[in-house]
Amino acid sequence: MTGAGSGIGRACALALAAAGAAVHAVDRDADSVREVALAVGGTAHVVDLADAAAIGLLPKKVDVLVNNAGFQHVAPIEAFPVERFELMHRVMVTAPLLLMQHCLPHMRSGGWGRIVNVSSVHGLRASANKAGYVAAKHALEGLSKVAAIEGAPHGVTSNCVNPGYVRTPLVERQLDDLAAQGETDALATVLLDRTPVKRLLEPEEVAAAVLWLCGPGSGFATGSSLTLDGGWTAN
Ligand code: NAD
């Protein structure tokens, strides 16, 4: 479970542990990942997922891989820092690839595995000023589909979940930035503008979807992108 120290990752770690999983919680934030590991009786791994060598030291005997770690950077294309764009791809695309390479041999040998990639509505749609994030999430969608095709003969499924705006620190930071730019009601006028269901999604609701994709009854769901977007992409 990557990005387990906060927000969606934390909620997923709690839900998976409650369902009986032994959780390896991975995050670069040492304090928060240790707190989550303690809460779920799991193991904390303090790893920066931009560091390929550090990923190589993570455990390989993993039946369920949740690629969740990610971050946002907001800037128009002409001002988007290239090093930030590349870092977003390292953390949100290359790290999931490396973790799949790392864990797939064990999944295949057991004839069962679940890969869940926490994408976004921005894996399916674009918004202005989010070039790095939108490009990385679209790439993650493609990687997830390839993993689904390659995993199918071995009992391994791969899916994306695609939340709209979730009540997490990642979104709270965007709301703070918009408020600083003078947006008086940024939640309604910017974030939820295209969303018919006028509220934020809760991290626990994303965790419930992740749990379903890892549990019995979802074996035929693979290569899919499960939208939890309050109707955004239908709009
Ligand atoms: P968050 O900021 O609350 O948590 C992200 C976690 O990832 C943090 O604990 C952070 O330390 C960790 N992380 C970031 N970069 C890392 C790195 N290089 N190495 C290791 N850990 C790293 O954010 P969140 O909202 O819970 O987001 C989780 C995922 O959900 C992200 O991939 C995000 O893109 C996706 N998502 C979020 C929303 C939303 O509205 N919050 C919507 C759609 C998708």
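The values are calculated or read from the model by the stated rules, or taken from the named source; none is laboratory data. Keep in mind that this is a model prediction, so the values were computed, not measured. Positions of Cβ are generated from backbone atoms using ideal geometry, with glycine treated the same way; all protein chains shown enter the neighbour counts. All accessible areas refer to the heavy atoms of the entire protein, side chains included, with ligands and DNA or RNA removed. Shrake-Rupley method; radii C 1.70, N 1.55, O 1.52, S 1.80 Å.
Some values worked out for this structure:
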{"read-out": "Test set (1) without any contact (Cβ under 8 Å) to a residue 60 or more places away in the chain; (2) in contact with a Leu (Cβ under 9 Å, 6 or more places away or on another chain) - residue 57 fails condition number", "value": "(2)"}
{"read-out": "Looking only at the stretch 40-92, and only at residues there that are of a type in the set (Lys, Arg) and not in a helix (DSSP H, G or I), the one that is nearest to the ligand (Cβ to nearest atom)", "value": "60"}
{"read-out": "Given (1) free of Cβ contacts under 8 Å to residues at least 24 places away in the same chain; (2) near the ligand (Cβ under 8 Å from one of its atoms); (3) under 19 Å from residue 214 (Cβ atoms), number of the condition residue 2 does not satisfy", "value": "(1)"}
{"read-out": "Filter pass, residue 234 being farther than 25 Å from residue 94 by Cβ and either small (Gly, Ala, Ser) or open to solvent by 30 Å² or more (accessible area, probe 1.4 Å) (or both)", "value": "yes"}
{"read-out": "Residue 121 in contact (Cβ under 8 Å) with a residue 60 or more places away in the chain and closer than 18 Å to residue 3 by Cα", "value": "no"}
{"read-out": "Set 179, 136, 128: member being over 17 Å from residue 221 (Cα atoms), at pLDDT below 95 and among the aliphatic types (A, V, I, L, M)", "value": "179"}
{"read-out": "Residues satisfying the stated conditions in the stretch 198-227, i.e. within 14 Å of the ligand (Cβ to nearest atom) and not in a helix (DSSP H, G or I)", "value": "199, 200, 201, 202, 225, 226, 227"}
{"read-out": "Hey, residue 119 near the ligand (Cβ under 10 Å from one of its atoms), in contact with a helix residue (DSSP H, G or I) (Cβ under 7 Å, 6 or more places away or on another chain) and small (Gly, Ala, Ser) or not", "value": "yes"}
{"read-out": "The listed residue being open to solvent by 20 Å² or more (accessible area, probe 1.4 Å) and either at pLDDT 95 or above or charged (D, E, K, R) (or both), out of 81, 96", "value": "81"}
{"read-out": "Count of the stretch 5-27 residues which are within 12 Å of the ligand (Cβ to nearest atom) and without any contact (Cβ under 8 Å) to a residue 40 or more places away in the chain", "value": "3"}
{"read-out": "Inter-residue pairs, beta-carbon under 9 Å, first under 20 Å from residue 118 (Cβ atoms) and in the stretch 71-95, second of a type outside the set (A, V, I, L, M) and at pLDDT below 95, 6+ apart", "value": "72/173; 72/174; 74/174; 74/177"}
{"read-out": "Complete set of residues in the stretch 147-185 that are part of a helix (DSSP H, G or I), surrounded by 14 or more Cβ atoms within 10 Å (Cβ to Cβ) and away from the ligand (no atom under 13 Å from the Cβ)", "value": "147, 148, 150, 151, 154, 178"}
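Residues are listed down the side, and each one gets a yes or a no for (1) under 25 Å from residue 16 (Cβ atoms); (2) of a type outside the set (D, E, K, R):
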| site | (1), (2) |
| --- | --- |
| 132 | no, yes |
| 143 | yes, yes |
| 159 | yes, yes |
| 180 | no, yes |
| 198 | no, no |
| 211 | yes, yes |
| 235 | no, yes |
